[in-house]
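Reviewing the structure listed below.
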Amino acid sequence: MSPYGLLLLGGSQTHQENYARSFAADPRCRLIGVTDEADVPPRRRSLNERLAGELGIPHFDDLDDALAREDVHLVSVCVEPERRGRVAVRCAEAGKHLYLDKPLAAGVGDARQIVTAVREQGVLSQMFSLVQSSVAGRAREAWESGRLGKPIGLHCELMFAKGFAGTADLSRPRHETAGPKRFTWIDSKRELFCVGLYPLVLFQWLSGQQVESVHAVTANYFFADHQRNDAEDFACLLLGYAGGLEATITVGRTGWLSHPRDGIHQVHLVGSDRSVKIDAWQPRLEVYSNESCWKPPSRPHPEDPMGFWSSTAREAGIKPKTAWQPINSIAGSDASGFLDCIEQQRESAVSAAIGAHAVEVIMAAYRSAAQGRAVLL
C-alpha cells in the first residue's frame, strides 16, 4: 500500500514544526507540501515557505488546488486559532481526514462547524492532545483497575516552565473578558485556552463524561507580556460532571527558572477507597555533575521571546534541561495514533467532537471568570 499523503497547513513558528516531523517519522506517511489561504500576511507566507524548505517539500500557492490533489489523504491544520475553523471545514469538505492543532477553534460556533463538516463528509478527525503520554496511560490504568473504588474527583496541575517570568505588575488585578476574540501573540498566549485544553481532554477521555458546570478564575502573576496583551498567564477551574464527579484544574506558564524540566505536570485521581498521584517526572534520574547550571537565553528571541517554537529555540541557542531525566517515555506519537485510526477506519479517541466540547468548556470558563460565578453548560 502507498503511504498516506499529508498536506501541511501552516509552517514555521507553529506546532506544525513538530507535527510534520512526527508524521514524517512514520513510514506509512509521506509529506506532500505546505499550503495556506491565499491572503495570509507576508510574514506568515514566509514562515510557511521556510518550513517547506526545511522539510524539502513544495510550497503550494493555491489551497484549493492543493486540496484537490489525489495524493493528499489527510491534512494537518495548524493555522492561527482565529481562522482554524474555516480552514478545517474547507479541508473536510474536500474529503480529507483532519489532524487538528489544539484548541480546535477560537469559538464554539467554529468548533461545531468542524464537527458537522467531519460528520457530513465522512472523514476522520483527531485533535492533538496528551492522551498518548505516559501520564495519561498510567492514569487510565489506575482509573480502570478498580483500586480507586468509586471515582469521586480529578485534579491536574500543568504549568509550563518557559519565558522570562517575574515581570508582571501584581498591583494590577486581572479583569477577565467574557468573550475573548484573540488568543495568541508573538510574545504571549492565553494560557487557559492553550494549556487548559490538555487536562479537559484528559478528564473526558478518562471518565467518558462531559462537563456540566465550570467555575473559573484567571490571573496575571508572571509576565508583563501577557498583561500588555490582556491575556491570562494562570487559571484555576472547578468542574462538575454528571453523576457527581468533580474536578479541578490549575494551568499556566511560570517561567524557565521555575522548574528543573518543562514544568509541573501532575494528575491526582480520588476515589472512595484510595487516591493516586501521577507525576510526569516520577520516576526520574536526577543528574549531578560539574556541568554548569542550565541558564535561559541571555536575550529574548525577537520573534519568540517565550521560547514557544522549536525553530526559534534552536536559533536562540536554548539547550534542553538535562538535570532531570524521566524513566518513562514522556509521550508516544500522536501522529502515528491517528494513522492507526485511518488504517483501521475507526474514530479517534480525541475526535473533533471531543475538541469541540473542550472549546465550549473553555469559553464558559472565560464567562465564569469575567462574571465571578459558576456557569452551566
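The values are calculated or read from the model by the stated rules, or taken from the named source; none is laboratory data. What you see is a predicted model; the values in this text were computed from it and never measured. A quick note on method: Cβ atoms are made from the backbone with ideal geometry, for glycine too, and the neighbour counts reach across all protein chains shown.
If I filter segment 302-320 for residues that are in the same structural domain as Pro199 (by TED's automatic domain parsing), under 22 Å from Leu154 (Cβ atoms) and within 23 Å of the chain's Cα centre (by Cα), do I get at least one hit? No. Here Leu237 does not fit the description of being hydrophobic (A, V, I, L, M, F, W, C), more than 19 Å from Val359 (Cβ to Cβ) and in contact (Cβ under 8 Å) with a residue 60 or more places away in the chain. Please tell me if Thr184 is farther than 24 Å from Gly271 by Cα, in contact (Cβ under 8 Å) with a residue 24 or more places away in the chain and under 18 Å from the mean Cα position of the chain (by Cα). Answer is yes for this residue.
Of the strands (runs of 3 or more DSSP E) that lie entirely inside segment 88-172, those containing 2 or more residues that are more than 25 Å from Asp340 (Cα to Cα) span 151-160. When restricted to residues that are β-branched (Val, Ile, Thr) and farther than 30 Å from Pro305 by Cα, segment 136-180 contains 1. Among the residues of segment 234-243, is any of a type in the set (A, V, I, L, M), closer than 22 Å to Leu170 by Cβ, at pLDDT 95 or above and out of contact with any strand residue (DSSP E or B) (no Cβ under 6 Å at 6 or more places or on another chain)? No, every residue in segment 234-243 fails to be of a type in the set (A, V, I, L, M), closer than 22 Å to Leu170 by Cβ, at pLDDT 95 or above and out of contact with any strand residue (DSSP E or B) (no Cβ under 6 Å at 6 or more places or on another chain).
Considering (1) among the β-branched types (Val, Ile, Thr); (2) crowded, with 16+ Cβ neighbours inside 10 Å; (3) under 18 Å from Ala353 (Cβ atoms), the lone condition that Thr116 does not fulfil carries the number (2).
From the list Leu192, Leu202, the one residue that fits, being closer than 22 Å to Gln132 by Cβ and either in a helix (DSSP H, G or I) or assigned by TED's automatic domain parsing to the domain that holds Arg253 (or both), is Leu202.
Taking the criterion of being free of Cβ contacts under 8 Å to residues at least 60 places away in the same chain, part of a loop (DSSP other than H, G, I, E, B) and surrounded by 15 or more Cβ atoms within 10 Å (Cβ to Cβ), the residues of segment 249-296 that qualify are Trp281, Trp294. If the condition is being of a type in the set (A, V, I, L, M) and surrounded by fewer than 15 Cβ atoms within 10 Å (Cβ to Cβ), then segment 7-66 contributes Ala25, Ala38.
Those residues that are among the aromatic types (Phe, Trp, Tyr) and under 20 Å from Arg21 (Cα atoms), I need them from segment 311-356; list them, please. Residue satisfying the conditions is Phe338 alone.
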